[in-house]
Every structure is written in structure tokens, then in C-alpha cells.
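Chemist: Take a look at the following structure, please.
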Amino acid sequence: MKNYKNPWVILDTHSIYENAWISIKEDQVLNPTGKPGIYGVVHFKNKALGIIPLDEQGNTWLVGQYRYPLDEYSWEIPMGGGVIGVDILDSAKRELKEETGLSAKKWTNIARIHTSNSVTDEEGFVFLAEDLTEGETEFEETEDLQIRKLALSEALSMVMNGEITDSLSVAGILKVARLRGL
């Protein structure tokens, strides 16, 4: 992959919008055929982190919440943002504790994902968390969450029938299901 050359030529770049989580830029470009055009890029200021907690009985936990951009309720794996430059595993541990109250002794990074690589540079990681201990949640002020414990096979069914649509959740559940022979 390192031998590929970028066929796009950037003529000019300017910032369109920025807040604490994202920035948006617009580039004036020459596309791969040499014709002028524009390209918009959404830059995320955090890494996307998803966690699949899995107990000895094959159960996992999902988090349900209203997702403002979609105007829909969504069932997902526990997830959140990890500040760039901070160890992603430390951030994943924090997110799991905040959203479910769970702590894990065994952690495995099972996936690196680009969530929508045609318009954003967002990079996500999914961890499998095992050898769990239950505790108290520590929700953030923006979180109004429901927590659901269920069999991994049921979470897999939710992915397959379209009840779970979040990209980190879909990829993570499918990968863990494959690793577990489901």
C-alpha cells in the first residue's frame, strides 16, 4: 500500500467550520483526471473507540441512546472518543466503565476501522474486553443511556436484521462472532 501515489493535487485549502470535536475543510483540487473540483473533508479530533464486553457465558452489553444526527434511537456497543495522543486502550477502559460500569482484566484490539473514508479521516478501534467485573456507571452529562445485557448470538441477530446499524458496532460484533465461531 505504501507504493501508491496520491493522484489528487491540492491547489488551495480553507477551513469551513470547527468546534471541539470536528473541523471541516474544503480543498480546491485537480482530480485524478486533471480536472478542477472541490473536496470537503471532516476531521475528527478524537479516535472512535468501541468495546465488546464478553463474559464467560457468552453475554455482551449494548448501550441504547438517541442519536441526534440520525434523529433515531440506536443500540450500539459501548463506545466513545479517545483524545488523539492519549493511549487508546486507556480511553477504551474509561468508556467501558462510564457507560456500563464494567471493568475488564483482558483486552484485545480486534479492529481498526475508517468509518466513512470518502468524506472523513475518522479512525476507529474496536476492543474485546473479557474477565469482567461489574460496578457503577459514570455517565457524562450528554448521555441518557439504557444498558442491555444479552447473548452475543442475539446481538449478532440484531446486526443481521438491521436493528444495529452503527459501523463500529456492526464490524465489532461480526468480528467477535466470527472469532467465537457463531
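Each value in this text was obtained by applying a stated rule to the coordinates, not by laboratory testing. Only a predicted model underlies this, so the values are computations on that prediction, with no experimental measurement involved. Glycine gets a Cβ as well: all are built from the backbone with ideal geometry, and neighbour counts include every protein chain shown.
Chemist: Does the stretch 32-54 contain any residue that is in contact (Cβ under 8 Å) with a residue 60 or more places away in the chain, more than 22 Å from Glu122 (Cβ to Cβ) and outside any strand (DSSP E or B)?
Modeler: Yes, the conditions are met somewhere in the stretch 32-54.
Chemist: For the stretch 13-20, state whether one or more residues are surrounded by 11 or more Cβ atoms within 10 Å (Cβ to Cβ), in contact (Cβ under 8 Å) with a residue 12 or more places away in the chain and more than 30 Å from Glu76 (Cα to Cα).
Modeler: The answer is yes; a qualifying residue exists.
Chemist: How many of the residues making up the stretch 92-112 are crowded, with 20+ Cβ neighbours inside 10 Å and either in contact with a Lys or Arg (Cβ under 8 Å, 6 or more places away or on another chain) or among the β-branched types (Val, Ile, Thr) (or both)?
Modeler: Summing the residues that are crowded, with 20+ Cβ neighbours inside 10 Å and either in contact with a Lys or Arg (Cβ under 8 Å, 6 or more places away or on another chain) or among the β-branched types (Val, Ile, Thr) (or both) in the stretch 92-112 gives 2.
Chemist: Now for a different question. Are any residues in the stretch 64-96 over 13 Å from the mean Cα position of the chain (by Cα) and in a loop (DSSP other than H, G, I, E, B), and if so, which ones?
Modeler: Tyr68, Pro69, Leu70, Asp71, Ile84, Gly85, Val86, Asp87
Chemist: From the list Leu182, Leu156, Leu174, pick out the single residue that is aliphatic (A, V, I, L, M), under 29 Å from His43 (Cβ atoms) and free of Cβ contacts under 8 Å to residues at least 40 places away in the same chain.
Modeler: Leu174
Chemist: Could you please find all residues in the stretch 17-70 being of a type in the set (Val, Ile, Thr) and closer than 22 Å to Val83 by Cα?
Modeler: If the condition is that a residue be of a type in the set (Val, Ile, Thr) and closer than 22 Å to Val83 by Cα, then Ile22, Ile24, Val41, Val42, Ile51, Ile52, Val63 are the ones that fit.
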